[in-house]
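For reference, the structure is listed below as structure tokens.
The values are calculated or read from the model by the stated rules, or taken from the named source; none is laboratory data. Since we're looking at a predicted model, the values are computed, not measured. Backbone-built Cβ (ideal geometry, glycine too); neighbour counts: all protein chains shown. All accessible areas refer to the heavy atoms of the entire protein, side chains included, with ligands and DNA or RNA removed. Shrake-Rupley method; radii C 1.70, N 1.55, O 1.52, S 1.80 Å.
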Amino acid sequence: AAITMAFQPIVDVSSQTVFAHEALVRGTDGASARDVLSAIDAGNRYAFDQACRVRALECAVDSHLPALLSINFMPNAVYNPEHCLRATLAAAERVGWPLAHIIFEVTEHEEITDPDHLLSILRSYRARGFLTAIDDFGAGYAGMNLLADFQPDLLKLDIGLVRDVDRDTVRQRIVSHLARLCVDLGIRVIGEGVETVGEYKALRDLGVVLQQGFLFARPSTGPATVPLFPE
């Protein structure tokens with residue numbers, strides 16, 4: 001099935017501006033991300049990963065997106081970082097999107113079987129001038145070991161740490177310490193999956209000013225959605 005992209009803003013709540021947009025795959029027939037991803041297997045993973053990158057760039061230009069563009073990639077689909085960037089580089093040049101305005105966000109719907117391979121990808125992308133982000137920090141593979149070996153530009157707190165953070169003192173302490181650690185390491189933190197004003201204010205007060213979630217804007221296709229900044 002043909003794919004398109006929905007975009008969800010990542011906002012800076014301190015300046016009330018859009019920091020970036022994350023590209024999220026959809027079917028042109030209205031299929032959800034889950035439906036589209038359920039058809040991915042070892043045989044078509046590489047082609048799908050490549051198609052998503054190119055489509056994200058094309059749709060970002062068509063939608064006149066401001067700010068940075070965050071593209072998810074599957075580490076298990078990348079067999080050679082340099083070779084696998086060719087289509088991305090060509091598409092960025094063709095549509096006129098600056099490489100410095102692209103964030104490559106590690107996402108994985110399967111287990112990371114080779115951490116060294118993931119590190120080589122991240123280092124290769126950084127050397128090319130792309131920004132890097134680690135998604136779902138605090139869940140699955142994205143833990144302290146990965147952070148010790150590679151310090152990304154951005155780190156997204158897993159939704160499990162964000163949910164009800166305003167009512168959970170343990171989560172508040174964990175997020176507070178992670179935020180301070182990231183400041184020390186020169187990493188910017190994003191709280192994702194923010195759904196309530198309480199979560200937004202708690203994260204903001206803990207030093208997490210980059211946030212993403214339904215509270216601000218749902219993913220949408222077409223022109224960029226203007227996010228809401230609640231009082």
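A few comments on the model shown:
- In the full protein context, segment 1-137 carries 43 Å² of accessible surface per residue, based on a 1.4 Å probe and ignoring ligands, DNA and RNA.
- Rounded percent of accessible protein surface that carbon and sulfur make up, the chain, 1.4 Å probe: 53
- The equivalent ellipsoid that matches the C-alpha gyration tensor of segment 186-231 spans semi-axes of 20, 13, 8 angstrom, in descending order.
- Once the Cα gyration tensor of segment 42-113 is diagonalised, semi-axes √(5λ) in Å: 22, 13, 11
- Largest-first ordering by accessible area, 1.4 Å probe, given options Arg53, Arg34, Arg171: Arg34, Arg171, Arg53
- Which labelled figure in [x] 52.9, 189; [y] 17.0, 49; [z] 19.2, 59 is Rg and Dmax of the Cα atoms in Å, once derived from the coordinates: [y]
- Simple spin-label estimate for Ile112 and Ala148 gives 1.4 nm between the two label positions (7 Å along the Cα-to-Cβ direction from each Cα).
- Reduced Cα scattering model of segment 122-217, Debye log10 I(q)/I(0), q = 0.10, 0.15, 0.24 Å⁻¹: -0.25, -0.55, -1.25
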